[in-house]
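Data first, discussion second: the structure below is written as structure tokens.
Any read-out appearing in this document is the output of simple, stated calculations on the displayed coordinates, not a laboratory observation. Please read these numbers as outputs of a predicted model, since none were measured by experiment. Here the Cβ is made from the backbone with ideal geometry for all residues, glycine too, and neighbour counts use every protein chain on show.
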Amino acid sequence: MKLANFYRIALTFIFSVLISLAPVLSANAAKRLSASVADWTGGMVTCQVAVAVLEQELGYKVKRINIPSGTGLYEAIAAGDVDFACESWPSYTEMDTVMVGKFGGDGSVQWLGDTGIVGASDYYVPKYFVDENPDFKSWKDLNKYKDKFSTIETGDKGRLIGCPVPGWNCYDQKRLDMLGIDFIADELGTETASWAEAQAAFARKEPFLLYSWEPHWIHAAMDLVGVKLPPNAPCETWNEADNYKDCGQGKWPATGWAEDVTFNYGNPDVFKDHPEAAHMFSKFSISNKDQAKMIYAVDKDGRDIAEVVQEWKDANKDIWSAWLP
């Protein structure tokens, strides 16, 4: 009898503890998010910073999902398959104006806040090429030197080491054709392949034309000069169907990319239920300079990205603590 009473008391105690812990357990279970892993190092750095703050300061667990950037990722976020992604560059996809309410879209994807990273892109040649050819001033002079940029594969046309990832929607060949640049865009599929190709040519002091962007460690590794593509026209739209938009004054020629004020984005229904995370993203901001240092540590020094970001976080509490609710 005494043993039975003991079991009853013990069970009552266990149930009372479980009941008292239920809200905590439920809250912990609810504090789960999923995030895409970017397909370029800068985006990886930005998202790892966000994940480190979410997990270490706000008690979240974040599942990382590998999915290429671009249209498919926006659609996955709208469908609820991915909760958020980091560092969208607006000039590389029209999906912000289609799906993000802040930019006139249907609201199926939410703008969570700017990242602090402001990007710029161009086509670049090595400085030694410009030094050897002082009359080379801009993209308008590329055709005069196309034989220096040609390969066996491109024949009498020059070669552009183009945007590495097709999903970024750079439309390099369309841009070249519309500007009358007699070059062939060669998409190598990954950043690693593009940089390796350019650095090999750089080591041999050979001319090459390379798509790149800033901030990026590649500009520390090689002395590069932008060809100064035409300034981006406000009404310019890169669209696979028609190449450009009629602005009312005739069809505009292709231009370079706009300066990109990058942003983090997510599923609006998810972030209604996660106000702490939404607040963090609304205050989130890292600098080009800080990101470039972390990119260099990862891509050039071969360090683990989580370790590099943790080192930054440990040294910059004054920055990220301002993001917390």
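Test of understanding: what is the full-extension gain from Asp135 to Phe103, defined as 0.36 nm times their sequence separation minus their Cα-Cα distance?
7.3 nm
How much length is gained on full extension from His279 to Glu311, taking 0.36 nm per residue of separation minus their Cα-Cα distance?
Stretched out fully, the His279 to Glu311 stretch lengthens by 9.2 nm.
Simple spin-label model, 7 Å along Cα-to-Cβ: Gln199 to Lys289 in nm?
Placing both labels 7 Å along Cα→Cβ, they lie 2.6 nm apart.
Taking a point 7 angstrom from the Cα of Ala79 along the C-beta vector, which residues in region 138-176 have backbone N less than 19 Å away?
Counting only backbone N, you get 167-168.
Mind sorting Ile161, Ile77, Ile65 by how few other Cβ atoms lie within 10 Å of their own Cβ, fewest first?
Fewest-to-most ranking of Ile161, Ile77, Ile65: Ile65, Ile161, Ile77.
What ranking of Val49, Val270 emerges when the number of other C-beta atoms within 10 Å of each C-beta is taken as an exposure proxy, fewest first?
Val270, Val49
For Met222, list long-range residues whose amide hydrogen, built 1.01 Å from N in the peptide plane, is under 5 Å from its own amide hydrogen.
none
Using mean Cβ contacts within 10 Å as the protection proxy, how do 282-290, 315-323 order, highest first?
Output ranking for 282-290, 315-323: 282-290, 315-323.
Could you rank the peptides 293-306, 87-100, 164-177 by their average count of other C-beta atoms within 10 Å per residue, with the highest value first?
For the peptides 293-306, 87-100, 164-177, the packing ranking is 87-100, 164-177, 293-306.
In terms of modelled amide H atoms, which long-range or inter-chain residues lie less than 5 Å from the amide H of Ala185?
Amide H neighbours of Ala185: Leu160.
In region 120-226, what is the volume of the convex hull around the alpha carbon atoms, normalised per residue and reported in Å³?
Spelled out: Cα convex hull of region 120-226, divided by residues, is 99 Å³.
Can you give me the Kirkwood hydrodynamic radius for region 269-321, using every pair of distinct Cα atoms, in Å to one decimal?
12.6 Å
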